[in-house]
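What follows is a set of notes on a single structure, which appears directly below.
The values are calculated or read from the model by the stated rules, or taken from the named source; none is laboratory data. Worth saying up front: this structure is predicted, and the values here are computed from it rather than measured. Neighbour counts are summed over all protein chains in view; Cβ atoms, including those assigned to glycine, are modelled from backbone coordinates with ideal geometry.
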C-alpha cells in the first residue's frame, strides 16, 4: 500500500522527534550545529518550485541516523522547501515494510514526495562512497598493524589492550572521514531534488523499482 498524505501527517516534525529522543540528542544537535552549508549547497532546495514532503524512518540509537538526519534537518530549516515527518522505525512496521533495503530495515530512510504524493526520490542509510572509503581505511589499519589479526575475525578474540587500540584506531578513522560523508550526503540529496537521480545512499536494489 502506498503512503498516503493522511498517514504521512501522522509523523513527528523534526523538532518533535528531537524532543522525543531518549538518547544521543546532544550528539545529533551538535552535528546539526557544526554542519556548514553554502549557498551552492542549498540552491537545489531553495529553487524547488513546490514544497517536497519527506518521510523519515529513524531510531535514536542508530549512528547513521545521528550523523545524517541533522543534515536533512538543517537543509529543511534553511531552504524552507522540505516538509519533514519522522517515524520511529520499530513503531511503524507498515512504513518500514515499504522501504526495505533488500532484506534489511536500513535507516535512516528519506523518502521524497511531490505535491500529488508521488514518490520522487529515496535515500537510505549512508553514502556508498563513504562505506567504500571506510572499508579501504579499515583494511589499511589492519594491514599496518598485524597484531590486530584478520579483519574477518571477531574483535572479542583479541587481548583487551589490543582490542582497545583497534577500537580507538577505528573510531579515529570514522572521525577523519566524517566530513567526507557529510559532503556526500548534501551532494546526493541535492541531486535527488534536482531530479538527476532517483535514489541515493546505500540502496541495495534496482533504482527503477522506486515507486512513481
- Before we move on, is residue 182 assigned to a loop (DSSP other than H, G, I, E, B), under 23 Å from residue 79 (Cβ atoms) and touching a helix residue (DSSP H, G or I) at 6+ places or on another chain (Cβ under 7 Å)? no
- Query: Which one of the conditions (1) part of a helix (DSSP H, G or I); (2) buried (at least 18 other Cβ atoms within 10 Å of the Cβ) does residue 40 fail to meet, given that it meets all the rest?
  - Reply: (2)
- Only listed residue being closer than 21 Å to residue 48 by Cβ, assigned by TED's automatic domain parsing to the domain that holds residue 20 and buried (at least 16 other Cβ atoms within 10 Å of the Cβ), chosen from 109, 88: 109
- Query: Mind checking which residues of the range 50-63 are under 11 Å from the mean Cα position of the chain (by Cα) and buried (at least 20 other Cβ atoms within 10 Å of the Cβ)?
  - Reply: 56, 57, 58
- Which of (1) at pLDDT below 95; (2) touching a helix residue (DSSP H, G or I) at 6+ places or on another chain (Cβ under 8 Å) does residue 89 not meet, given it meets every other one? (1)
